[in-house]
Amino acid sequence: MEMRINVQVVEPQAYKAMLGLEGYLQTAQLTKMHKHLIKIRASQINGCAFCIDMHTKEALKDGETTQRIFLLNAWRETDLFTEEEKAILALTEEITLIHQAGVPDSVYQQAEKLFDSHYLAQIIMAIVTINAWNRIAISTRLEVGK
C-alpha cells in the first residue's frame, strides 16, 4: 500500500495543533492504562493498523498484559477489566461510532457515576483525539512500523 500525502510536512500548523491535543493529554489526570485502552479500542474499531501497532507496543511497555490486549475487543465477556475500565471502553465505543446512535444516556450516566467531571472530560478528549489520529493515519495510509 502506497503512502499518500504527509500532513505533517504539507500542513505543519495543522499537525502541530493535533500534537497540542496530544500534549494536553500527557498532562491530564488519565492513568496510562486508561489512555492505552482508549487508544487501542478506538483504533481497533476504526481499523487503524498503524495506531493499533503503536499503541499496543506502548501499552505492553507500560505493563499492560497480552491477555487483556488480546481480549480487548471482547471486553464485555470477561472479568479482566474493572468497572471503571468497562465504562471507559463503553464510552470509547459509543463516541467512536457516534454516527450510529449518539452516546446513549445509560453509557454516559455510568461514566458520570464513576468519574468526576474533569476526568470524564479528559476521557472524552482522549477518545476524540485518537479518533482524529486514526482518521489521519488511515486516510494517508501510514504504514505500520517494522
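For this structure, a couple of remarks:
- Failed criterion for GLY63 (all others in (1) part of a loop (DSSP other than H, G, I, E, B); (2) open to solvent by 70 Å² or more (accessible area, probe 1.4 Å) hold): (2)
- Flag if GLU58 is in contact with a His (Cβ under 9 Å, 6 or more places away or on another chain), under 18 Å from GLN26 (Cα atoms), part of a helix (DSSP H, G or I) and open to solvent by 60 Å² or more (accessible area, probe 1.4 Å): yes
- Matching residues in segment 103-146 - criterion: being of a type in the set (Phe, Trp, Tyr) and either over 13 Å from the mean Cα position of the chain (by Cα) or farther than 24 Å from GLY47 by Cα (or both): TYR108, PHE115, TYR119
- Restricting segment 92-125 to residues that are crowded, with 16+ Cβ neighbours inside 10 Å and of a type in the set (Ser, Thr, Tyr), the residue that is farthest from ARG76 (Cα to Cα): TYR119
- All positions within segment 82-91 that are in a helix (DSSP H, G or I) and open to solvent by 20 Å² or more (accessible area, probe 1.4 Å): GLU83, GLU84, LYS86
- Scan of segment 10-37 for residues that are over 12 Å from the mean Cα position of the chain (by Cα), part of a helix (DSSP H, G or I) and in contact (Cβ under 8 Å) with a residue 40 or more places away in the chain, ordered by number: MET18, LEU21, TYR24
- All conditions but one from (1) surrounded by fewer than 19 Cβ atoms within 10 Å (Cβ to Cβ); (2) of a type in the set (Asp, Glu); (3) part of a helix (DSSP H, G or I) apply to ASP79; the one that does not is (3).
- Yes/no for ALA74 being loosely packed, with under 12 Cβ neighbours inside 10 Å, in a helix (DSSP H, G or I) and on the phi < 0 side of the Ramachandran plot: yes
- Only listed residue being open to solvent by 50 Å² or more (accessible area, probe 1.4 Å), closer than 30 Å to VAL7 by Cβ, β-branched (Val, Ile, Thr) and not in a loop (DSSP other than H, G, I, E, B), chosen from ILE138, ILE69, ILE40: ILE138
The values are calculated or read from the model by the stated rules, or taken from the named source; none is laboratory data. All figures in this text were calculated on a predicted structure; none of them were measured in a lab. Glycine gets a Cβ as well: all are built from the backbone with ideal geometry, and neighbour counts include every protein chain shown. Only protein heavy atoms, including side chains, enter the accessible area calculation; ligands, DNA and RNA are left aside. Shrake-Rupley method; radii C 1.70, N 1.55, O 1.52, S 1.80 Å.
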